[in-house]
1. If you check residue 171 against the conditions, is it modelled with pLDDT of 95 or more, assigned to a helix (DSSP H, G or I) and either within 19 Å of the chain's Cα centre (by Cα) or in the same structural domain as residue 311 (by TED's automatic domain parsing) (or both)?
2. Where residues in the range 51-74 are surrounded by 20 or more Cβ atoms within 10 Å (Cβ to Cβ) and in contact (Cβ under 8 Å) with a residue 40 or more places away in the chain, which of them is nearest to residue 342 (Cα to Cα)?
3. Can you pull out the residues in the range 12-30 that are without any contact (Cβ under 8 Å) to a residue 60 or more places away in the chain and either surrounded by fewer than 15 Cβ atoms within 10 Å (Cβ to Cβ) or in the same structural domain as residue 143 (by TED's automatic domain parsing) (or both)?
4. Within the range 322-344, which residues are more than 16 Å from ligand 2 (Cβ to nearest atom), outside any loop (DSSP other than H, G, I, E, B) and surrounded by 14 or more Cβ atoms within 10 Å (Cβ to Cβ)?
5. Out of the residues in the range 193-223 that are modelled with pLDDT of 95 or more and touching a strand residue (DSSP E or B) at 6+ places or on another chain (Cβ under 6 Å), which is farthest from ligand 1 (Cβ to nearest atom)?
6. Scan the range 371-386 for residues that are crowded, with 20+ Cβ neighbours inside 10 Å and in contact (Cβ under 8 Å) with a residue 60 or more places away in the chain and jot them down.
7. Assuming residue 290 fulfils every condition listed in (1) surrounded by fewer than 20 Cβ atoms within 10 Å (Cβ to Cβ); (2) assigned to a strand (DSSP E or B) apart from one, which condition is it?
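The values are calculated or read from the model by the stated rules, or taken from the named source; none is laboratory data. Keep in mind it's a predicted model, so treat the numbers as computed, not measured. Neighbour counts are summed over all protein chains in view; Cβ atoms, including those assigned to glycine, are modelled from backbone coordinates with ideal geometry.
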Ligand code: 5AD
Ligand code: SF4
């Protein structure tokens, strides 16, 4: 029996796919690279914007065709966020899928396959956590610490697909982190829709209360930081929950990488209010200046939505100005996509496509300029690089710094952590040469040699 899992969407879905794959392996399935070779195809879907939904729709159409060509001998499963929504339920019926399981029901995959007929399961929070065995030979791994979201941003479907926040017991998190480290993992990313409110599953907004027996997110970072893992990351943060205690924990814990992804969504107070983001532009900028103060050199990135209903040119300009003021290292830029069942749906999706695209274009241009400017600040400095494989460019291996800059490192160094000097920067890459024990022979072995000026290497873009 051969299976294939297709993954759309975020890191949480990647983690879930890994869990699904290990459940399948437990049932005796071998995993194949090409779905054409599989007897069972599971589609782990994303519903956050229209595009991934369309992709799932197209793929399910192809799979239905395959199934017909094979006289019905193909089992199709629709999993992930879409499976939890009316839109996905309709899709499942339309394409006649065999299995339908939401993100809270991964551990139901075995009974669903064994029953071999259409199954739809209710969302069950007690089934949400799963400890997949450490991925073989992986240098970096994800670790889910909580699921769901208690915020109610008006454009967002996530609370409907993944439910309210549920934190995972700290002891389980530490145990999984230790297992990953023992398996050779060098970098662990703690995952959650809103990791900053870890352990605060009771109440909402600023009035949240800690659950008994759960540390705060800051305290959790310190605890996981003591497991020995060289690099610890986390996504995603919400500005309203990104408090000083968390920043201090990052500053005090050497393992924690200074990479802060802090979605702002809009720079206009009017739009932030309509989005129900629970903070103002001023509050956000104050958080950023605190980061700059406590964590100098931290990489700061964001998510921005352009074309939210009612966004005027002036509102957009405030977003543009905020981007300039923060000097983001980079950003994920999105065009507003109306989602069925969200509160924002009551607004008319009134910004013409051309205006949305034009605004996105202006932000992309600014992003290129600022990313280059930010990356150039690293030229000549020494950075720690985690090499995770071959590079797309010949003569280099690829990796990333603690600040998450993509690195092209000259030579053929093995996967793992290396020290390097930055020679040259582009908007999305740092070109580096190894230093110290890893330095190329030509430099490290010339006795009494002088240090050469650092020149950009051939073939740089
Ligand atoms: N339209 C466009 N972008 C969205 N996001 C979430 N919902 C929508 C939507 N309806 C973006 C937000 C969020 C990121 C994960 O996806 O910027 O931070
Ligand atoms: Fe969606 Fe807002 Fe929750 Fe993020 S914080 S998952 S954007 S509701």
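1. Criteria not met by residue 171.
2. 52
3. 25, 28, 30
4. Taking the range 322-344 and keeping what is more than 16 Å from ligand 2 (Cβ to nearest atom), we get 322-330.
If we keep only those that are outside any loop (DSSP other than H, G, I, E, B) too, we end up with 322-326, 330.
Result: 322, 323, 326, 330.
5. Across the range 193-223, the extreme among qualifying residues is 221.
6. Selection gives 386 alone.
7. (2)
Residues checked against (1) under 30 Å from residue 340 (Cβ atoms); (2) away from ligand 1 (no atom under 15 Å from the Cβ); (3) part of a helix (DSSP H, G or I):
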| position | (1), (2), (3) |
| --- | --- |
| 131 | no, yes, no |
| 137 | no, yes, no |
| 141 | no, yes, no |
| 151 | yes, no, no |
| 154 | yes, no, no |
| 160 | yes, no, yes |
| 176 | no, yes, yes |
| 184 | no, yes, no |
| 190 | no, yes, no |
